[in-house]
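Worksheet for the structure shown next.
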Amino acid sequence: MDKNCHLWQMQSPESSLSRRGRRAASHPLRADFDLFAEAMDNHYHPEDNPEGCLPLCIAENLLNWEEMEAKLRGIAAAGPTPDWVASYTSILGAPAFREAVAGFVGKHIAGAELSPERFAVSAGATATIEMTAFLLGDPGDVAVIPAPAYAVYSGDIGNRAGMQRYDLHPADEDPVAPATVSRLRVADLERAHAELGDRFRMLILTTPNNPTGQIYAPEQLRELADWCIDHKIHLVVNEIYALSLIDQRASAIASDYDDVPEYTSVLPLLVERDSPYLHWWYSFSKDFGISGLRVGLIYTHNTALLEAWGNSGAPSITSNYVQWLLSELLQDHDWVAKYQFRNRQRLTTAYATVIATLKQHDINYAPAAGSLFVWFDCSRFLTDDTDAAEQTLWRGIFADTGLLLTAPDGMAAPRRGWFRMVYSGIPQDYLAVATERLGRWLAS
Ligand SMILES: Cc1ncc(COP(=O)(O)O)c(C=O)c1O
């Protein structure tokens, strides 16, 4: 051994980490991070880089940033910042913010009166999901999630809480023609319960769903919730896309919807049932296009959960400055209503742009009620029905067109070859370029 070389220099840096650290070092958060970095380095620009890439993989809504930026700037400039912003506040969230949140969610999402004391605030939905799993599940417990679903749930419930994910495919769902209203039934939960027994600790529903844009009917939510309460299984409904709704009556897409299934929040039912087994998640990342501000919420009637949250949530709190800015913003109900009205119009226009291309080329897709996604079927381009062929197709679309769709890994699609496109993360004129390229590729 070289006498100048210390033993530690011969070891890999990973060996200095805990088992958890080593695992994290070798498991990328998302399978599309490498290509995402490549796409961002070579981003499309109409004059400077017309052949550049268009990243359509990350669930962001940048369509309303101009209005949002002006509003936040106006709040900050309007007067002094309150003193409480500089100090520690409640780990459950600053009282003024929880008050404003209760008013906003009650009026714009729930249509019901909500109590500020039943909210807890964390640094984004990611932290909220992780905290909930940590406090409700033990290692090895299982969260059942109707498939297809948000890939990152696996890490959010697994990394710290050690919970496992079970992808539940509803028996009545048609995998090649998904309906706008989910076909999940109590019979599907019974099936999962028969297989998992007491390990079935939590059911997570996302409405509108990522990636399908599906929603749940009020009666269906009631049946699923009552089954969970009867079986002492926690039901958490993630309504992070509650206001990211598609106008199903818009003429370009109206024929996709038999009747117009309206989105329904679980919150009035949660209040009515007053059960320790029902919980609601939200975040300002999507509906307000401020994923960088990191604000997530839970609403629950489980007082022990809130107690535990207050004692252990310190690492995940949101900055007081952000809580203050948003308190001011949320109290301006007229501004919020106008912002969300415009948001819905812009999302609908962007969604319809993508759908027009898919229709032209006879491609199946899930008619969405909401979300930021089009979930569509490229399976006819698969050379084989294998994961490897699916990866080749996804990477091939990027190589041929510069369009980076979300990696198919971890979403538990019922059929290979279905991909998720995010239509709200680039300007409308860029989206026109993206759909033009997609159309050319589909025709080739
Ligand atoms: C269903 C779902 N839950 C949670 C998140 C994470 O949100 P946040 O940025 O607030 O952590 C996302 C982001 O894509 C999501 O789609």
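If we keep just the residues of the stretch 64-119 that are part of a loop (DSSP other than H, G, I, E, B), of a type in the set (A, V, I, L, M) and in contact with a strand residue (DSSP E or B) (Cβ under 9 Å, 6 or more places away or on another chain), which is most open to solvent (accessible area, probe 1.4 Å)?
ILE91
Taking THR128, is it under 24 Å from the mean Cα position of the chain (by Cα) and closer than 22 Å to SER319 by Cβ?
Judged against the criteria, THR128 is a match.
Being open to solvent by 100 Å² or more (accessible area, probe 1.4 Å) and either modelled with pLDDT of 95 or more or in a helix (DSSP H, G or I) (or both) is the filter here, so list the residues in the stretch 1-12 that pass it.
If the condition is that a residue be open to solvent by 100 Å² or more (accessible area, probe 1.4 Å) and either modelled with pLDDT of 95 or more or in a helix (DSSP H, G or I) (or both), then LEU7, TRP8, MET10 are the ones that fit.
Would you check which residues across the stretch 97-123 are farther than 19 Å from SER316 by Cα and aliphatic (A, V, I, L, M) and list them?
ALA100, ALA102, VAL105, ILE109, ALA110, ALA112, LEU114
Looking only at helices (runs of 4 or more DSSP H) that lie completely in the stretch 326-444, which have at least 3 residues being of a type outside the set (S, T, N, Q) and closer than 20 Å to ARG30 by Cβ? So that I can check it myself, show each step before the final result.
Numbers: elements: 333-360, 387-401, 428-443.
By residue number, 387-401.
Can you tell me how many residues in the stretch 272-289 are under 23 Å from the mean Cα position of the chain (by Cα), more than 10 Å from the ligand (Cβ to nearest atom) and either open to solvent by 60 Å² or more (accessible area, probe 1.4 Å) or polar (S, T, N, Q) (or both)? Even if it seems obvious, please write down each step before you answer.
Of all residues in the stretch 272-289, those under 23 Å from the mean Cα position of the chain (by Cα) come to 277-289.
Going one step further and asking which of them are more than 10 Å from the ligand (Cβ to nearest atom), we end up with 277-280, 287-289.
Next, only the ones that are either open to solvent by 60 Å² or more (accessible area, probe 1.4 Å) or polar (S, T, N, Q) (or both) stay: none.
So the answer is 0.
Contact list please: Cβ distance under 6 Å, first residue in the stretch 132-149 and touching a residue at least 60 places away in the same chain (Cβ under 8 Å), second residue part of a helix (DSSP H, G or I) and more than 16 Å from the ligand (Cβ to nearest atom), pairs at least six apart or on different chains.
From the stretch 132-149, the pairs are LEU135/LEU305; LEU135/ALA308; ASP141/ARG199; VAL142/LEU196; VAL142/ARG199; VAL144/ALA192.
If you go through the stretch 291-332, how many residues are touching a helix residue (DSSP H, G or I) at 6+ places or on another chain (Cβ under 6 Å) and either surrounded by fewer than 13 Cβ atoms within 10 Å (Cβ to Cβ) or among the basic types (Lys, Arg) (or both)?
The total comes to 1.
Which of the following residues is over 15 Å from LEU114 (Cα atoms) and more than 16 Å from the ligand (Cβ to nearest atom): GLY292, GLY310?
None of the others qualify; the one that does is GLY310.
Would you check which residues across the stretch 369-385 are polar (S, T, N, Q) and more than 16 Å from the ligand (Cβ to nearest atom) and list them?
If we filter the stretch 369-385 for residues that are polar (S, T, N, Q), which is where we start, we get 371, 379, 383.
Those that are polar (S, T, N, Q) and more than 16 Å from the ligand (Cβ to nearest atom): SER379, THR383.
Return yes when ALA147 is small (Gly, Ala, Ser), under 30 Å from PRO261 (Cα atoms) and in contact with a His (Cβ under 9 Å, 6 or more places away or on another chain) and no when it is not.
Yes, satisfied.
Considering only residues of the stretch 30-52 that are under 15 Å from PRO427 (Cβ atoms) and open to solvent by less than 50 Å² (accessible area, probe 1.4 Å), which is nearest to the chain's Cα centre (by Cα)?
The selected residue is TYR44.
Among (1) of a type outside the set (A, V, I, L, M); (2) within 15 Å of the ligand (Cβ to nearest atom); (3) farther than 13 Å from ILE298 by Cα; (4) open to solvent by 20 Å² or more (accessible area, probe 1.4 Å), where does GLU130 come up short?
Looking at each condition in turn, GLU130 falls short on (3).
Tally time: how many residues in the stretch 272-305 are in a helix (DSSP H, G or I) and touching a Phe, Trp or Tyr at 6+ places or on another chain (Cβ under 9 Å)? Walk me through how you get there before you give the answer.
Of the stretch 272-305, the ones in a helix (DSSP H, G or I) are 272-273, 291-293, 303-305.
Filter again for touching a Phe, Trp or Tyr at 6+ places or on another chain (Cβ under 9 Å), leaving 291, 293.
Total meeting the criteria: 2.
The values are calculated or read from the model by the stated rules, or taken from the named source; none is laboratory data. Keep in mind it's a predicted model, so treat the numbers as computed, not measured. Neighbour counts run over all protein chains shown; Cβ positions are idealised from the backbone, glycine included. What goes into the accessible areas is simple: the full protein's heavy atoms, side chains included, and nothing from ligands, DNA or RNA. Shrake-Rupley method; radii C 1.70, N 1.55, O 1.52, S 1.80 Å.
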